[in-house]
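Below: one structure, written as structure tokens.
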Amino acid sequence: MFIGAIGCEPLQLKRVNLEHSRTIDVYKRNGGYDAIKKVLGGMSPDDVINEVKKSALRGRGGAGFPTGMKWSFVPKDSPKPKYVVCNADESEPGTFKDRYLMERDPHMLIEGMLIAAYALGARINYIYTRGEYRYLINIMDAALDEARSAGLLGEKILGTDFSCDIYTHTGAGAYICGEETALLSSLEGLRGHPRMKPPFPAVSGLYACPTVVNNVETLTAVPDIIKMGGEAYQKLGTEKSGGTKVWSVSGHVNRPGVYELPMGYVDMEKFIMEDCQGILNDKKLKAVIPGGSSVYIMPAADITGKGVRMDYEGLVAAGSMVGSGGFIVMDETVDVFESTKNLIEFYKHESCGWCTPCREGTDWLVKVFKRIARGEGRPEDAQLILDLCDNIEGKSFCPLGDAAAWPIQSAIKKFPEDFKRHLAPLTMQTETEVAAD
Amino acid sequence: MSTELIKVTINGKEFQVAKGARLIDVCREQGFNIPSFCYYADLALQASCRMCLVRIEKMPKLQTSCTITCTDGMVVTTESEEIEKAQRAMVEFLLANHPLDCPICDRGGECELQEMAFDWGNLEERFTERKNAQPEKYLSPIVANDPQRCILCKRCTRVCDEWMGEDAIEAGGRGANTVIGTFGGWLNCSECGNCIEVCPTGTLLDATYRHQARPWELQQTVTTCTYCSDGCQESVGSRAGEVMRVVARDRYVNGHNGEFLCIKGRFAHTFINDETRLRTPMIRYKKGGKLIPATWDEAVKFATRGLDKAAEAHGANSIAVVGSPRLTNESLYALKKFATELVGTENYTATDAFSLSPFFQNLGGQIATHRDIRHAKTIVLIGGEPEELQPFAGKQIRQAVRNGGAKLVIINSTPIRLKERATQFLHINPETEDAAVLAIFNQAHNELAARKMGVQETELIELRRTITNTEGDVVIMFGGEVSAEAQSLLAQMPYLFNKEGRRALLHPLPLYNNSVGATDMGLMYGKLGATEMLDAAGDSVHAMYVAGSFLPQHLTGREDSLGKLDFLVVQELFETETTRFADVVFPAASFAEADGTFTNSGGLVQRVRQTIPPVNQSKQDWVITAQLSKELGVDFGFQMSASAVFGEIAERIPAYAGLRYPLLKDETNPVQVKHATIEQRDLSQESEAIRARVEKMSDTATKINATPPVGHELFKIGTLTDKLPQMHLLASGNPKPPTLAVSPLYQITVDAGMKREAIGGD
């Protein structure tokens, strides 16, 4: 497995391959905690937020919301305490970058959170990891203890008036708790159900106080932004997608791993064939899910020779999304019907049950997929599946419903043959026929 | 909500609506039908059923109208192809795993999902897979659960949390496997059954009514509950002269309690058709002999002869007339008339736990209705335990705090459960409630009061500050712990706070459905109280005419007092400790068989309507009284009509002036009687009496530290609740049966060991 940067100097992955990379000594020797010193040495909270705004850093959890803007939504004059919560509930199928960032370089996350806490005036902060990452809690706690002993956490950090502490908390193994409001409910000890928006967490989040929830990779990008300056960081990437992005590459490639690429890396075909050393066993590429299971699937035809640019805009133009950067490569042996069935079973299992369309819709879809897999598919099933997806999409309480519907819709649209095979005799319309209607 | 109006366009029509109004409410008020399951007024928003979707211009997706606050210039579409498709899709989703066997479901015929399926369901089912089956079970002796019918609107869990403050039911599991359940699988709560009431499907069901009748067979009669002083409006469902169930569902009744009822109101109605109801009038021809069934004519003649004899021998005052605070105003009025105008005795009373007469004699302000409690900004609760004794008042207090942001100050010697919601809890020494009243009335007594109550003086100062800083109404509630003098002080407190610019409302917490009515009808202003009257039996009182029975607390230590009487006439539903000595017993009609009115603790006079014909040979209490008086040669002129009695009440009792039954027709707009207020008066005598008593209180009392368990009052077995077998299980600690699949009644024997003795009274 490969962990490293391609096409740029490693930022996020600068220290991950060093020996004892998770200790504070190695971190400090390699430029660690310089950023917080710089911040506390004379930057105002507004300066920090401005640098982050200039960096064009976008949320790395999946939605890609501009981080600086999110931070600036927190009301400055609120008398309530404010919280920074790190979303380490990395549950999106195909995504495992946060795990390596925390496992191998926990202090980078701590420093990022400290800077965020300083910018937002937060005294108490939480790292919420998924239940399955329990072993990471020990690593994080050890790192937090080191930082506390070094005077980087707790009262009067580095002799300034800034006091701040970070606590870890683990979920109980629910995908939905990666949704920020469900995460906050879970953190409060309630059932992990999403909450109504508005009010957004920036106004009323944890314990109804202003809260910023950021992904691990978003927060670990912050120290470098401070060190090199927002503009320099942005220039590593493109105008609207600043900096670098860490991709989790899995599936049928010869060298899966965690890859740091500059935003706007060109192109996806080169990335798969050269950087990831091509498809396993010299098979042909069939499809790629570039941003975790919730984004649209891309057939090889949309990649090969198309020069797909790997950033937020580039992937939207190519018909998919960056999402969380869970880059799943599938070769020609994959039956997209089967892979889609696998995904919808995941979404059914993870639907929290709060709202009707997601709870009942995913359950129904799984039953239909299973029936088809048993060889009892009916010609009208494809239309039924698409209609169910349409009835879920845009009607659910939180985006989990959408995330369940999109991959199915795109799979049927892009790989009708794989579905047709299961639905003979065939009456379903192919994409071109639909277009002709 | 402000009074500022804004413009909203719905389906192309412009409307002026209050700023901050909720879109779903606005649409419904304007006649646009918006379906929903999870939206329930005054409960936390859920937005999970996704039925109320509408299209709002400039918003990317369909929006749930229950979560949208109207803004100026909003353009809304509630009817379009896109919306209808979405709504039909939601019903289709909900029906996917819902059994389509309505004919065997208890909710069939009054099920919201069924109705929604008629309006928004598709003709054909596309879902051909296997449904997720889950077994039916019991959650408690009175709550049955059919989990696979659940659509997870979570009204039940919200009601349990927000209304009852109990959190007894919550969702468990995830996704399509989510079920509503309880901790440990068994429901240990106050068993109010509100979760059953608000359930839009057949998921939570009344286990006492299960498979007994279909809703369309029932005759629904709106009436007033016969248990506590809250006066909840309920709909009694009866079939062929038998009461099958009681509900408060808003499709049948819409009283001030909404869909709220408690365990007694909702389930403890089985006494009405109980086989131990008295069947015929009975006469005891010889002292110490047996009661022998007789005809009405014989019994009436026997009774009047006995009363006549006593009057001739010992004078009119030797005859005592005793009513029950459970009777209707009409029956109580007839008794009072019988006592004062026919017999001419000074000895009349009602068998109430405590008298409110000092309170009403000194009343210096308005009585708070339950609606006033809900909208109060400060609630001061002195003594009492509304969550057990007046459950609806308890619910209103909880909602005032939770949804209305009210401050709640509780002064109680027991850490009652409601204290969890209190802003300030003054845990006082037992029986020092008077000291608290004294201190609130005059802060000069703070030091003394605090010392005797065992609290800090600063706590009393803080309590006063809370009242002074209130922006809105202050409601002062008090229970039976306060003395007569303290009641006078409380009654005059509105003057005190009016001076500070606060509006103070008062709310007494009597124990019975018509305690206030009994006071209004004048029955509480007789010479002797209930216990004094028993003490005088055989001495100055030689004959008694009792409608209802004495309470256990009256009879304790006076068990044989009634035996000393020369003659005792009793009208009752059941044989009780009081009928044990009766020479004549008349079978009386229960509230379900009577027409009349009750006056609740908020002063609302509400109708009691005849639901079923009188059981056996029973007659309404006032009819029996009128019959006796006719036999004695005086025709009360009631023309055998309750409305005629009420007409006379309205003529003679100023607080009821101008009222007639037609004015009380609409339970949605209840009428508050106009209790006369008196001018502010000098209370130095009363406050001095209290001060002297407080001085004598101990400085070193031991506090009661245990919070009483849920149901310690609610599940107490009384004459009426005794007739509900499930109540005995609850009173015995609600044991969890070996299996949840069948009713615990079939698994646990309610035998002598388990069964509690009826203690009479309620």
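Could you put A:Y33, B:Y656 in order, starting from the residue whose Cβ has the fewest other Cβ atoms within 10 Å? Let's see the in-between values first.
On the way: A:Y33 20, B:Y656 26.
Neighbour counts put them in this order, fewest first: A:Y33, B:Y656.
Considering Cα pairs under 8 angstrom that are at least six residues apart, work out the relative contact order of the stretch A:291-437 and quote it in whole percent.
Details: 170 pairs, mean separation 40.7, N = 147.
It comes to 28 percent, rounded to a whole number.
Between B:E631 and B:E14, how many nm apart are label points set 7 Å from Cα along the C-beta direction?
7.5 nm
If you build a Gaussian network model of chain A, linking Cα atoms that sit under 10 Å apart, which residue out of A:E393, A:E92, A:E274 swings the most?
Among A:E393, A:E92, A:E274, the largest mean-square fluctuation in the Gaussian network model of chain A belongs to A:E274.
Got a sec? Which residues in the stretch B:117-131 would a label at A:E380 touch, if it sits 7 Å along Cα→Cβ and we count backbone N under 14 Å?
Answer for the stretch B:117-131: B:122-129.
Measure nothing but the geometry: give the 0 to 90° angle between the long axis through the Cα atoms of B:457-468 and the longest principal axis through the Cα atoms of chain B, rounded to 10°.
It is inclined by approximately 70 degrees.
Quick check for you: which residues of the stretch A:355-396 have the amide N under 19 Å from the point 7 Å beyond the Cα of A:E338 toward its beta carbon?
A:366-377
Tell me whether the stretch B:432-513 comes out rounded, prolate or oblate; compute the Cα gyration tensor, take square roots of the eigenvalues as a ≥ b ≥ c, and use a/c under 1.5 as the rounded threshold. Provide the component values of the computation, followed by the final result.
Numbers: a/c = 1.80, a/b = 1.06, b/c = 1.71.
Taking the square roots of the gyration eigenvalues as a ≥ b ≥ c, the stretch B:432-513 is oblate.
Please compute the length gained on full extension between B:T276 and B:E713, using 0.36 nm multiplied by the number of residues separating them and subtracting their Cα-Cα distance.
Working: separation 437, 0.36 × 437 = 157.32 nm, distance 2.41 nm.
Gain on extension, B:T276 to B:E713, equals 154.9 nm.
What whole number of Å gives the distance from the Cα centroid of the stretch B:430-458 to the Cα centroid of the stretch B:75-108?
Going from one Cα centre to the other spans 59 Å.
Relative to the present Cα-Cα distance, how much length would full extension add between B:K58 and B:E79 at 0.36 nm per residue of separation? Each step should come with its number before you reach the end.
Numbers: separation 21, 0.36 × 21 = 7.56 nm, distance 1.69 nm.
Between B:K58 and B:E79, full extension yields an extra 5.9 nm.
Set the Förster radius R0 to 30 Å, insert the Cβ-Cβ distance between A:N17 and A:I137 as r into 1/(1 + (r/R0)^6), and round the FRET efficiency to 0.05.
Values: r = 23 Å, r/R0 = 0.77.
Using R0 = 30 Å, I get an efficiency of 0.80.
Roughly how tilted is helix B:391-402, in degrees to the nearest 10 and between 0 and 90, from the longest Cα axis of chain B?
Taking Cα atoms only, the helix is inclined about 50 degrees.
Compute the FRET efficiency between B:Q747 and B:Q134 as 1/(1 + (r/R0)^6), taking r as their Cβ-Cβ distance and R0 = 25 Å, and round to the nearest 0.05. Could you put the intermediate results ahead of the total?
Working: r = 21 Å, r/R0 = 0.84.
Calculated transfer efficiency: 0.75.
Pop the C-beta distance of B:I104 and B:D167 into the FRET formula with R0 = 30 Å and round what comes out to the nearest 0.05.
Numbers: r = 32 Å, r/R0 = 1.06.
Efficiency, rounded to the nearest 0.05: 0.40.
Which of the three applies to the stretch B:358-508, rounded, prolate or oblate, going by the alpha-carbon gyration tensor with a ≥ b ≥ c and a/c under 1.5 meaning rounded? Mind showing how you got there, number by number?
Details: a/c = 1.29, a/b = 1.14, b/c = 1.14.
Verdict is rounded for the stretch B:358-508.
Could you give the angle, 0 to 90 degrees to the nearest 10, between helix A:134-149's Cα long axis and the longest principal axis of the Cα atoms of chain A?
The helix A:134-149 is inclined about 20 degrees to chain A.
Within the stretch B:124-157, whose backbone N sits under 20 Å from a point 7 Å along Cα→Cβ of B:T739?
Within reach of a label on B:T739, which here means backbone N under 20 Å from a point 7 Å along Cα→Cβ, the stretch B:124-157 contributes B:133-148.
Students often forget the sequence filter, so: which lysines lie under 22 Å Cα-Cα from B:K290 once same-chain residues fewer than 8 apart are removed?
Correct list for B:K290: B:K301, B:K309, B:K564.
With 10 angstrom as the radius, rank B:K716, A:K348, B:K696 by how many other C-beta atoms surround their C-beta, starting from the fewest.
Values: B:K716 19, A:K348 22, B:K696 8.
Neighbour counts put them in this order, fewest first: B:K696, B:K716, A:K348.
Placing +1 on the Cβ of each Lys and Arg and -1 on the Cβ of each Asp and Glu in the protein assembly as shown, which of A:C276, A:A318, B:C27 has its Cα farthest towards the positive end of the resulting dipole?
After comparing all options, I get A:C276.
Any idea which of B:P738, B:I411, B:S357 is furthest toward the positive side of the dipole for chain B, if Lys and Arg beta-carbons carry +1 and Asp and Glu beta-carbons -1?
The one lying farthest along the dipole's positive direction is B:P738.
Could you give me D for the protein assembly as shown, from Stokes-Einstein at 4 °C and 1.567 mPa s, where the hydrodynamic radius is the Kirkwood radius over C-alpha pairs? Units µm² s⁻¹, please. Walk me through the numbers before you get to the answer.
Details: Rh = 34.6 Å.
In µm²/s, the coefficient rounds to 37.
In whole Hz and in residue order, list the ³J(HN,Hα) couplings for the stretch A:350-360 that follow from phi through the Karplus curve 6.51 cos²θ - 1.76 cosθ + 1.60, θ = phi - 60°; x for Gly and Pro.
9, 4, 7, x, 5, 10, 4, x, 6, 5, 7
In a GNM of chain A with a 10 Å cut-off on Cα contacts, which of A:G178, A:G307, A:G243 has the highest mean-square fluctuation?
Of A:G178, A:G307, A:G243, the most mobile in the Gaussian network model is A:G307.
Pairs to check: A:K395/B:K58; B:K407/B:K716; A:K348/B:K131; A:K283/A:K414. Give those whose C-alpha atoms are more than 22 Å from each other in this structure.
Working: A:K395/B:K58 17 Å; B:K407/B:K716 31 Å; A:K348/B:K131 15 Å; A:K283/A:K414 20 Å.
Among A:K395/B:K58; B:K407/B:K716; A:K348/B:K131; A:K283/A:K414, the Cα-Cα distance tops 22 Å for B:K407/B:K716.
In peptide A:357-370, how many Cβ atoms from other protein chains are near each Cβ within 10 Å, on average? Before the final figure, lay out the partial values.
Details: counts 9, 5, 12, 15, 6, 2, 9, 8, 0, 2, 9, 4, 0, 1.
Mean inter-chain Cβ contacts per residue within 10 Å come to 6.
In percent, what relative contact order does chain A have, based on Cα pairs under 8 Å that are 6 or more apart in sequence? Walk me through the numbers on the way to the answer.
Details: 891 pairs, mean separation 73.3, N = 437.
For chain A, the relative contact order is 17 percent.
Which value in deg cm²/dmol, rounded to the nearest 500, describes the helix-derived mean residue ellipticity at 222 nm for the protein assembly as shown, given -39,500 (n - 2.57) per DSSP H run of n ≥ 4 and division by the residue count? Intermediate results must be reported in sequence, preceding the final value.
Numbers: 40 runs with 375 residues, N = 1199.
Theoretical 222 nm ellipticity from helices: -9000 deg cm²/dmol.
For the stretch A:11-233, calculate the relative contact order in percent as a whole number, restricting contacts to Cα pairs under 8 Å that are 6 or more residues apart. Kindly include the intermediate steps, with their values, before the conclusion.
Working: 428 pairs, mean separation 67.7, N = 223.
It comes to 30 percent, rounded to a whole number.
Would you mind ranking B:W216, B:W622, B:W186 by Cβ crowding within 10 Å, fewest neighbours first?
Details: B:W216 8, B:W622 30, B:W186 17.
Ordered from fewest to most neighbouring Cβ atoms within 10 Å, B:W216, B:W622, B:W186 come out as B:W216, B:W186, B:W622.
Highest first, please rank the peptides B:170-181, B:87-98, B:283-294 by the mean number of other Cβ atoms sitting within 10 Å of their residues. Could you put the intermediate results ahead of the total?
Working: B:170-181: 17.8, B:87-98: 23.6, B:283-294: 13.6.
Going from most to least packed, we get B:87-98, B:170-181, B:283-294.
Can you give me the distance in nm between label points at B:R451 and B:D308, each placed 7 Å from the Cα along the Cα-to-Cβ direction?
6.5 nm
Give, rounded to the nearest 20 debye, the magnitude of the charge dipole that the protein assembly as shown has about its Cα centre when Lys and Arg contribute +1 at Cβ and Asp and Glu contribute -1 at Cβ.
On the way: 130 positive and 153 negative charges, 156 e Å.
I would put it at about 740 debye.
Within 10 Å of each Cβ in B:168-176, how many Cβ atoms from other chains are there, averaged over the peptide?
Numbers: counts 0, 0, 1, 5, 2, 1, 14, 15, 13.
The per-residue average across the peptide is 6.
Once you place label points 7 Å from the Cα toward the Cβ at B:F118 and B:Q639, how far apart are they in nm?
Rounded to a tenth, the inter-label distance reads 4.1 nm.
Rounded to the nearest 5, what is the percent of antiparallel bridges among the DSSP beta bridges in the protein assembly as shown?
On the way: 59 of 128 bridges.
Given both bridge residues lie in the protein assembly as shown, the antiparallel proportion sits at roughly 45 percent.
Each residue of the stretch B:292-302 in order: what ³J(HN,Hα) in whole Hz does its phi give by Karplus 6.51 cos²θ - 1.76 cosθ + 1.60, θ = phi - 60°, with x for Gly and Pro?
Working through the residues one at a time gives 10, x, 9, 7, 4, 4, 4, 5, 4, 4, 4 Hz.
Mind checking the full-extension length gain between B:L45 and B:N403? Use 0.36 nm per residue of separation minus the Cα-Cα distance, one decimal, nm.
Extending this stretch completely gives an extra 127.7 nm.
Bear in mind these aren't lab numbers, they're just calculated from the coordinates by the rules spelled out. These figures come from a predicted structure and were not determined experimentally. For neighbour counting, all protein chains shown are included, and Cβ atoms are generated from backbone atoms with ideal geometry for every residue, glycine included.
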